[in-house]
Amino acid sequence: MLNIISVHFDNRIPNWRRAPDVLDHNVIALMIEGKVSYTLNNQTVIAEKGDLLFIPAGTMRASENADGEHQKFTILFRHTDDESLALHLLGNAQFDKCKIRNFEYMKQRFERLHLEAMGKGKFNSYVMTGILSEIIGLVAREFEQVEVTPIKLKLVNALQNYMVAHYREPVHIDQLASLIHRSANYTISIFREVTGISPIQYVHAMRIKEACKLLKNSDLSVTEISNYLGYYDHSYFFRMFKKLTSRSPTDYKHSGALFE
């Protein structure tokens, strides 16, 4: 069984550093902003925005800010031998690093795990274990994913750029397909191959992330935020918000914020 030790969010800490030590637990780190210089088993590794690191127990690790301050999430956990057999990632004795394809979704999962870790409800530990299991599965898939061809990356980047610019508007697959001159099925397929989710899920993730910011940093009502983000069916907005954050919009508004 997965055992979460702690979840941290390093938020631009001046002169941040960790002295060399041998880990007795696993570490998964997701870089949000800035750079960190790691020394892992005497090898220097630079981690920057979008990078995800898996550092297994037994690794000699030291780390410090590189080129200024940084933001990152870090999960410390242990696992059983059975899980090592089931997932090559957990059985691997070597550290690894990759560039996350669907950075925004992965970031959202880390944010939610951190939020759950700050809570004190009797079911928090169960929810946290479920989120960590999902994150580990996504990380394992990232490390084992066959490299995506440059043309697919270019097409998906074009789709993402369009959706970022128009995320408050209705999204139609046929419209996205015409943007890259491909069929609707092919458009969905390559988007999921590169990001791990569908175009529609990607748009919902952006909308709900914006809703979180507005709930914390504006005087807009929940209904006004729903309308602003294109959710004219307010009950649907509530369902999507709770699905992606585990809280209702009202509960979230009164919970602790991760980002300002």
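The values are calculated or read from the model by the stated rules, or taken from the named source; none is laboratory data. Note that the coordinates shown come from a computational prediction; the quantities given were computed from them, not determined experimentally. Don't worry about glycine lacking a Cβ; one is built from the backbone with ideal geometry, like all the others, and counts go over all protein chains shown. SASA here: full protein model, heavy atoms, side chains in, ligands and nucleic acids out. Shrake-Rupley method; radii C 1.70, N 1.55, O 1.52, S 1.80 Å.
Restricting to the range 1-24, name every residue that is open to solvent by 40 Å² or more (accessible area, probe 1.4 Å) and within 15 Å of S37 (Cβ to Cβ). Walk me through how you get there before you give the answer.
Applying the first criterion (open to solvent by 40 Å² or more (accessible area, probe 1.4 Å)) to the range 1-24 yields 1, 3, 5, 8, 11-15, 17-22, 24.
The answer is I13, N15, R17, R18, A19, P20.
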Taking the range 228-260, which residues are loosely packed, with under 15 Cβ neighbours inside 10 Å and free of Cβ contacts under 8 Å to residues at least 24 places away in the same chain? Y232, D233, H234, S235, Y236, R239, K243, S248, D251, H254
Quick one: which residue in S189, S221, S235 is out of contact with any Leu (no Cβ under 8 Å at 6 or more places or on another chain), under 19 Å from I100 (Cα atoms) and at pLDDT 90 or above? S189
Taking the stated definitions as given, is L138 under 30 Å from K242 (Cβ atoms) and part of a helix (DSSP H, G or I)? yes
Looking at E144, E169, E134, can you tell me which residue is open to solvent by 80 Å² or more (accessible area, probe 1.4 Å) and within 21 Å of the chain's Cα centre (by Cα)? E144
May I ask you to verify whether L176 is part of a helix (DSSP H, G or I), open to solvent by less than 60 Å² (accessible area, probe 1.4 Å), farther than 30 Å from V148 by Cβ and in contact with a helix residue (DSSP H, G or I) (Cβ under 8 Å, 6 or more places away or on another chain)? no
Across the range 26-60, which residue is most open to solvent (accessible area, probe 1.4 Å) among those that are out of contact with any Ser or Thr (no Cβ under 9 Å at 6 or more places or on another chain) and part of a loop (DSSP other than H, G, I, E, B)? N42
